[in-house]
Amino acid sequence: MSKFTEEMYETARTSDRGLVTGEPDAPVRHTWGEIHTVARRMAGGLAAAGIGHGDAVGVLAGQPVDIAPAVQATWMRGASVTMLHQPTPRTDLIAWAADTEAILTMIAAHAVIVGEPFEAAAPLLKERGIRVVTVKELRTGDDIDPIETAETDIALQQLTSGSTGTPKAVQITHRNFYVNAYAMIDRIKFDRADDVMISWLPLFHDMGMVGFLSVPMQYGAEVVSVTPLEFLRRPLVWAELIEKYRGTVTAAPNFAYALLARRLRQADDGAVDLSSIRYMWNGAEPVDPDTMTTLAADGARFGLNATALTPVYGMAETTLAVSVPDAGHGLVLDTVDAELLEAMGRAVPATRGHVRRLATLGYLVDNLEGRVVDTDNQELPARGVGVIQVRGDAVTPGYVTVDGFVPAQDEDGWLDTGDIGYFTEEGLVVVCGRIKDVIIMGGRNIYPTDIERAAARVDGVRPGNAVAVRIDAGDKRESFAVVVESGGFEDHAEVERIEHEVAHVVFGEVGVRPRRVAVLGPGSIPKTSSGKLRRTHTLALL
């Protein structure tokens, strides 16, 4: 039996920790033992449906109380899980069904587990010849034992961001799961008896699925899990759950912390108590230091300890975690000369002149090596800016694509992350941006994240909804445009003000004016299923 599944079943037998779902209206708690009991019946249902060792299973469900036993049941059968992209009220269901069929064909799925609130999509899948088993049906299956699993078995096939058009899935093995789980647990010194995890993250994204479901289910951690919809309806519910359950560990992308800071600023004294939190991970998208300092200030009167605010670095290709700061370090900034960073590829510390304040993302987790290389794949010294590469037992063997398996590692085991960054002398990781998104102007590397952070500071721009996109002028000289969302997009005077201020603050930040600033309505900017900005798709809106 793999260490991952062996520990998960041992947790079910011995742990009194569990999963709380149904907040804020109808909370219910299930121990991991109770979830395992349900999973045993669901495994029987999967066996009756012909699911066995090495098979691939898609999961389309929105409720954590359904997803937890469904994925454990799949692992009990020695099969792999793929969390499918979830349709929204604005989704074209015919196009979604076609995209989903392409994904299921790519992973050679034997069946799809469908649960609420997506049972209405089952007929669309069946019309395309896709075998569907519902959560309700599986719960009535025969109680069976798990089959043997190996460390090299695939546990998760995580769809990459934006993979609906050209699908690709990261293959995560049982060994990957186990190694990365303890890399995170050991780094933050997680205490089963006292620590409580709070999450609203979507379980089709790796930070939610791995960090706040599979790891707690394997290790025996207490976790409170609500749907993203509950957070988006009322962001303060996140803080209320932290108070109610004395939460100690939570995580979210940067935009969510900007929303939380705004709600705390508007809240009355004593509205919530955030003094229990010791880790607020900020990951999944670029970290804006201004967001973190604003949240620290707005959260102080609610007992929020600023050292809990923790920028981290992770990706599906390493199962989840790449680097995490030690406990109590909080936000550590690296202030460097902006011109040397952009023109020379060197992160030289500076205190005066044109500088960049970059969030450090902690140290590499245990059992993971890292290096930074130049365009000739030669390793760079500390503060040399190049492509970050990592290797270790948590790194995926590769991807499944429409053209078959594609290795993720080179002959020496290194994974090219696609991220540009550097290591400080102390070994802290700093990420500047994605190599594919860098804007090259006059020999300078301009990072879209710098432009987007500046634009987001303009009053009226929705948090997390500013995008910088490259524009080719036709003579191999690049330029860029900035697209932002605003609730005032129908007010001509407001739009003109935002356009002018965005251009002004961007010039002040990077020394170059955007060729164009576009102000769009809420929901206009394309994003991936996990909420990341889709820069290349945004260009089509101009």
Unit charges on C-beta of K, R, D, E only; dipole of the range 1-69, Debye: 160
Using the Cα centre as the reference, give the magnitude of the dipole from point charges on the C-beta atoms of the chain (Lys, Arg: +1; Asp, Glu: -1; all else neutral), rounded to the nearest 20 debye. 800
Projected onto their principal axes, the Cα atoms of the range 152-275 stretch, largest extent first, over whole-Å spans of 52, 40, 19
Summing +1 per Lys or Arg and -1 per Asp or Glu among the other residues with Cβ less than 13 Å from residue 104's Cβ gives 0
Charge tally for neighbours of residue 65 with beta carbon under 14 Å away, counting Lys, Arg as +1 and Asp, Glu as -1, is -3
Taking the range 48-185, the whole-percent share of alpha-carbon pairs separated by over 21 angstrom is 41
Report for the range 99-250 the percent antiparallel among DSSP-assigned beta bridges with both residues inside it, nearest 5. 35
Considering only DSSP beta bridges where both residues belong to the chain, give the percentage that are antiparallel (nearest 5). 65
Determine the per residue accessible area of the chain with all protein chains present and a 1.4 angstrom probe, expressed in square angstrom. 40
Amide H of residue 224: which non-local residues (sequence gap of 5 or more, or other chain) have their own amide H closer than 5 Å, using H built in the peptide plane? 20, 197, 198, 199
Whenever you get a sec, compute what percent of the accessible area on the range 58-166 sits on carbon and sulfur atoms (1.4 Å probe). 53
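Within 13 Å, Cβ to Cβ, of residue 143, how many net charges do the neighbouring residues add up to if Lys/Arg are +1 and Asp/Glu are -1?
Value of the local net charge: +1.
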Once you have the Cα-Cα distance between residue 127 and residue 512, take 0.36 nm times their residue separation minus that, and quote the gain in nm to one decimal. 133.3 nm
Just from its helices, what would the mean residue ellipticity at 222 nm be for the chain, if runs of 4 or more DSSP H residues each count -39500 (n - 2.57) and the sum is divided by every residue, rounded to the nearest 500 deg cm²/dmol? -9000 deg cm²/dmol
Whole-percent carbon and sulfur share, accessible surface of the range 268-403, 1.4 Å: 48
Using only Cα atoms, find the angle between the long axis of helix 289-299 and the longest principal axis of the chain, and express it within 0 to 90 degrees, rounded to the nearest 10. 70
Would you mind putting 48-59, 283-294 in packing order, based on average other-beta-carbon counts within 10 Å, highest first? 283-294, 48-59
Quick one: grab Rg to one decimal and Dmax as a whole number for the chain, Cα atoms only, in Å. 23.0, 70
Provide the packing ranking of 246-259, 67-80, 101-114, 401-414, i.e. peptides ordered by the mean count of other C-beta atoms within 10 Å per residue, highest first. 67-80, 246-259, 101-114, 401-414
Which angle from 0 to 90°, rounded to the nearest 10, does the C-alpha axis of helix 64-76 make with the longest principal axis of the chain? 60
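Beta carbons within 10 angstrom, averaged per residue: use that to sort the peptides 350-360, 190-200, 446-456, highest first. Can you show the working numbers first?
Values: 350-360: 16.3, 190-200: 19.3, 446-456: 23.2.
Highest to lowest by the protection proxy: 446-456, 190-200, 350-360.
The values are calculated or read from the model by the stated rules, or taken from the named source; none is laboratory data. Predicted, not measured: the structure shown is a model, and the values here were computed from it. Neighbour counts run over all protein chains shown; Cβ positions are idealised from the backbone, glycine included. For the accessible areas, the whole protein counts, side chains as well, though only heavy atoms, and no ligand, DNA or RNA atoms are used. Shrake-Rupley method; radii C 1.70, N 1.55, O 1.52, S 1.80 Å.
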